[in-house]
Protein chains: 2
Amino acid sequence: MKVLIVEDDPLHRAYLGDSVRAALPECSAVIEATDGAEGERLAREHGVAHVVMDLQMARRNGIEGARTIWRERPDTRILFWSNYSDEAYVRGVSRIVPPGAAYGYVLKSASDERLKLALRSIFIENQCVIDNEVRGTEQRSFARTGGISEVEYEILIDIALGLTDRTIARRRGLSLRSVQNRLQQIYDKLEVHQGAGQGPDAAFNLRARAVSVAIRRKLVNHGALERAEADLGDWLAAAAAGPRR
Amino acid sequence: MKVLIVEDDPLHRAYLGDSVRAALPECSAVIEATDGAEGERLAREHGVAHVVMDLQMARRNGIEGARTIWRERPDTRILFWSNYSDEAYVRGVSRIVPPGAAYGYVLKSASDERLKLALRSIFIENQCVIDNEVRGTEQRSFARTGGISEVEYEILIDIALGLTDRTIARRRGLSLRSVQNRLQQIYDKLEVHQGAGQGPDAAFNLRARAVSVAIRRKLVNHGALERAEADLGDWLAAAAAGPRR
DNA sequence: AGCGGCCTTGCGGGAACCCGCAGCCGGTCG
DNA sequence: CGACCGGCTGCGGGTTCCCGCAAGGCCGCT
């Protein structure tokens, strides 16, 4: 069994290497990469089926890397090892995991024991292991209160990108009013109010305010914006090529 | 000489401790804290004058911690040790450093040598040491192109918070039109255009778009938003108490 | 069938936003 | 001193945003 480690911090990389070797005697080789792009390349070259991946790396982030690895080999087992349990990361991961694939999400603050256990569970037993704290944010995200649904999340990203209502409508195949309705729901769930007086002296611009609290609540972050921007670029190009109107 | 290390990652904390002891034989004690709040407390209790501080920690970030430490003892020497050279961090730091204070900014990706050199320069020689890469973003930030001035930056933060033009005007003591003029400059410098057609079918909402590219360019980030939100809260309370109108 | 809920869509209007035009003022330079 | 520049301000209008009201469609339940 070959294990690929993708992690840009040398200290963490070394620590991970030790843990992998200690937890998995059946591991024949540990391969190391320092960013997502290199990880993709090495995974392809070595035909690796077991990966430990950091999210949030400097040059190419872990979600991108995992996506292309999974696209090429959907049965690859990936353990995400991250500093944060931000909803943006959790959503980003759960959106790209292929059906039936075994994966894990463990925080860097977890104990040695927990990490080794997760390694064995995922790589040997083929089971999913989600850190309890991460599970927490996942739960919250689908709970009644503060729970942003998938469709709403799309629109939220769109306004975070700075799109117009009309553009969002075209992109998502909705009417203008529907987009605005969804925005209304988002404002509700994010508890965004006008601030002071309702009418002439509202303190907040709701749309901008919603983005602000979404960022503060870690629903969206830099990585998510980058990905969304790339998608948007694709769509804009496609729309310009064949504007079916 | 006592040195306080504020860093939430145990691996990095241990590494820092080793480096400090190796680089500074005159160091009599190394004290460790795992977040900004604890760092403030320990600095006060031990009367520490030499601090190594991580930015971006989970519970209370380094800029907050450094601010209160410096407020209590402006001659404290602080070395910031960070993963990133984002403009938001650089601005955040350079805004709180007291006049004449010695401080440093070194990236975690720097070599062992560089870290030790910086430790000696700052703590012993009382000199400022700014990582070259950080200097780079600092330069860029004040250069002609893409250079957001301090006043513009304030307004940028305000729209990122979701404030109305009118509210910004009140807060900053400007007329409505002046705020909008500044916004215009920001749009220019951030190269934010309407996207497709000028008039009825603009793809972008400029204000939201500006925030989006500001985040992607790392002019603002989560920590900066948190701080700005706290400031805003103070101002709102003050404005409600004595609305001089 | 009838009913109630949920989502979608259209309409209308008040507020906010984006921005060109123009006047005012303090500072700099020839 | 006059010319010029950059920043601040008011005015006006075109567009977008925010949102209440109401009508229609789909679905499940009684």
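For chain A, the relative contact order comes to 14 percent (Cα pairs under 8 Å, sequence separation of at least 6).
Think of segment B:150-241 as a dipole: +1 on every Lys or Arg Cβ, -1 on every Asp or Glu Cβ, centred on the Cα centre; then among B:ALA208, B:TYR153, B:HIS193, B:HIS193 lies furthest on the positive end. Given +1 at the Cβ of Lys and Arg, -1 at the Cβ of Asp and Glu and no other charges, the dipole of chain A around its Cα centre is 880 debye to the nearest 20. Of the residues B:ALA241, B:ALA43, A:ASN132, the one whose Cα sits farthest toward the positive end of the charge dipole of the protein assembly as shown, with +1 on the Cβ of Lys and Arg and -1 on the Cβ of Asp and Glu, is B:ALA241. For segment B:150-241, the alpha carbon positions stretch 46, 28, 21 Å along the principal axes, listed from largest to smallest. Its Cα centre serving as origin, the protein assembly as shown has a Cβ charge dipole (Lys and Arg +1, Asp and Glu -1) of approximately 1660 debye.
Considering only A:TYR105, A:CYS27, A:VAL52, the residue lying farthest towards the positive end of the dipole of the protein assembly as shown is A:TYR105, judged by Cα position with unit charges set on Cβ. For segment B:1-84, GluC sites (Glu not before Pro) are listed when DSSP marks them as loop and at most 15 other Cβ atoms sit within 10 Å of their Cβ; the list is B:GLU26. P(r) tail for the protein assembly as shown: Cα pairs beyond 35 Å make up 40% of the total. Sorted from nearest, the other copies put their A:PRO99 label points 6.8 nm away, the label point being 7 Å from Cα in the direction of Cβ. Run through every distinct alpha carbon pair of chain B and return the Kirkwood hydrodynamic radius in angstroms, one decimal place. The answer is 19.6 Å. Each Lys or Arg adds one and each Asp or Glu takes one away; over the other residues whose Cβ falls under 14 Å from the Cβ of B:PRO98, this sums to +3.
The share of Cα pairs per 10 Å bin across segment B:2-141, counted from zero up to the longest distance, runs 13, 49, 35, 3 percent.
Annotation note: GluC sites (Glu not before Pro) in segment B:177-237 located in DSSP loop regions with a Cβ neighbour count of at most 14 within 10 Å are B:GLU191. Here is the interface size for B with A: some 2900 Å² of accessible area buried, both sides summed, with a 1.4 Å probe.
Bridging of B:LYS218 to lysines at a Cα separation below 23 Å is possible for A:LYS218, B:LYS108, B:LYS189, once same-chain residues fewer than 8 apart are set aside.
For every helix of n ≥ 4 consecutive DSSP H residues, a contribution of -39,500 (n - 2.57) applies; sum these over chain B, divide by its total residues, and give [θ] at 222 nm rounded to the nearest 500 deg cm²/dmol. Helix-only estimate at 222 nm: -17000 deg cm²/dmol. Residues in the protein assembly as shown average 46 Å² of solvent-accessible surface per residue, probe 1.4 Å, ligands and nucleic acids excluded. Dipole magnitude for segment A:2-141: computed about the Cα centre from +1 point charges on Lys and Arg Cβ and -1 point charges on Asp and Glu Cβ, it is near 320 debye. Label-point distances for B:SER121 to the equivalent site in the other copies, using a point 7 angstrom along Cα→C-beta, read 4.7 nm when ranked shortest first.
Closest approach of any chain A Cβ to the axis that rotates A onto B belongs to A:LEU11, 2, distance given in whole Å.
Here the accessible area is traced with a 1.4 Å probe on the protein chains. For the protein assembly as shown, carbon and sulfur cover 48 percent of it. Membrane-span-like helices in chain A, defined here as complete DSSP H runs extending at least 18 Å along the helix axis by their C-alpha atoms with mean Kyte-Doolittle hydropathy no lower than -1.0, are A:10-23, A:222-241; this is a sequence and geometry rule, not a statement about a membrane.
With its label point put 7 Å out from Cα toward Cβ, B:ALA58 sits 2.5 nm from the same residue's point in the other copies, in order from shortest.
Compute a Gaussian network model of chain A, connecting alpha carbons closer than 10 Å, and tell me which residue from A:ALA102, A:ALA49, A:ALA22 fluctuates the most. Evaluated over chain A, the most mobile residue of the options is A:ALA22.
The values are calculated or read from the model by the stated rules, or taken from the named source; none is laboratory data. Note that the structure is a prediction, hence the values are computed from the model and not measured. Every residue, glycine among them, receives a Cβ derived from its backbone with ideal geometry; neighbour counts consider all protein chains shown. Accessible surface is based on the protein model in full, side chains and every heavy atom, while ligands, DNA and RNA are left aside. Shrake-Rupley method; radii C 1.70, N 1.55, O 1.52, S 1.80 Å.
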